[in-house]
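Colleague: I have a structure here, written as structure tokens, and I will follow up with some questions on it.
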Amino acid sequence: MLCYVAGNMRFAEYLHIPFAGTAEIAIIGAIFVGASIGFLWYNAYPAQIFMGDVGSLALGAGLGFMALLCKQELLL
């Protein structure tokens, strides 16, 4: 919900966020953050889950994709 509010045009102007109209990207980012938090929750001691290449490459590709959509490749 907070990510959608930050991506909304009126709220972005009020909060002085330079990326107005990126609500969809913010929701995708929230999904990635939720997946990472879920992984970290179940990977606490004693660790029983190994992410592997599929999970790490998917998270990296998603982060790179969002950077390309926001046109902020160099800040990544």
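Colleague: For region 41-76, which positions are among the small types (G, A, S) and surrounded by 10 or more Cβ atoms within 10 Å (Cβ to Cβ)?
Modeller: To start, the set of residues in region 41-76 that are among the small types (G, A, S) comprises 44, 47, 52, 55-56, 58, 60-62, 64, 67.
Hits for region 41-76 are G55, S56, A58, G60, A61, G62, G64, A67.
Colleague: OK, next. Can you pull out every residue in region 14-53 that is farther than 17 Å from C70 by Cβ and modelled with pLDDT under 75? Before the answer, list the steps.
Modeller: Keep residues of region 14-53 that are farther than 17 Å from C70 by Cβ, which gives 14, 34-53.
Listed by number, the list holds a single entry, Y14.
The values are calculated or read from the model by the stated rules, or taken from the named source; none is laboratory data. Here the structure is a predicted model, which means the values were calculated and not measured. We place every Cβ from the backbone using ideal geometry, glycine too, and count neighbours over all the protein chains shown.
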